[in-house]
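The values are calculated or read from the model by the stated rules, or taken from the named source; none is laboratory data. Computed from a predicted structure; not experimentally measured. When we count neighbours, we look across all protein chains shown, and the Cβ atoms used for this are built from the backbone with ideal geometry, even at glycine. These area figures cover heavy atoms from the full protein model, side chains too; ligands, DNA and RNA do not enter into them. Shrake-Rupley method; radii C 1.70, N 1.55, O 1.52, S 1.80 Å.
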Amino acid sequence: MKLTKHAQLRIRQRGISRNILDFAEFFLPSVYKNQSNKIFISKKTAREEARKIRKFADMLEKHAGTEFLIDPSGSDLITAYRRP
């Protein structure tokens with residue numbers, strides 16, 4: 001997402017992390033309102049998303065040592081296995 005100079009200034013002033021902005025853009029739904037798209041992170045949404053991230057982090061750790069073989073074009077998964 002391209003940021004205007006005004007948005008860059010406000011983000012810096014308010015201490016909003018660019019990582020949170022990227023997360024909201026890619027993973028949270030937006031609502032079209034007053035001729036613009038709006039993304040709101042409520043406390044409930046923040047808790048739910050943090051729970052999902054923790055669960056995914058646990059799953060990622062359990063899959064340490066897994067290898068995926070992908071064809072040279074990068075479009076097809078050939079096989080997946082766990083290394084001993």
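With 29 Å as the limit on Cα-Cα distance, the pairs of K33/K55; K38/K62; K2/K52 that go past it are K33/K55; K38/K62.
How much length is gained on full extension from M1 to I16, taking 0.36 nm per residue of separation minus their Cα-Cα distance?
3.9 nm
Applying 0.36 nm per residue to the separation of Y32 and M59 and subtracting their alpha-carbon distance, the gain on full extension is 6.3 nm. With a 1.4 Å probe rolled over the protein heavy atoms of all chains, the accessible area of I20, I39 falls in the order I20, I39, largest first.
Taking each DSSP H run with n ≥ 4 as -39500 (n - 2.57) and averaging over every residue of the chain yields -15000 deg cm²/dmol at 222 nm. Taking a ≥ b ≥ c as the square roots of the eigenvalues of the Cα gyration tensor, the stretch 6-55 is oblate, since a/c reaches 1.5 or more and a/b is not larger than b/c.
Please state, rounded to one decimal and in Å, the Kirkwood hydrodynamic radius that the chain gives when every pair of distinct Cα atoms enters the mean of 1/r.
One decimal place: 16.6 Å for the Kirkwood radius.
Evaluated with a Cβ-only charge set (Lys, Arg +1; Asp, Glu -1), the chain carries a dipole of roughly 780 debye about its Cα centre, given to the nearest 20. Farthest toward the positive end of the dipole of the chain, out of L77, L60, Q8, is the Cα of Q8, where the dipole comes from beta carbon charges about the Cα centre. Taken one residue at a time, the phi angles of the stretch 60-76 give Karplus couplings (6.51, -1.76, 1.60, θ = phi - 60°) of 4, 5, 5, 9, 4, x, 8, 10, 10, 9, 10, 5, x, 6, x, 9, 10 Hz. Gly and Pro are set to x.
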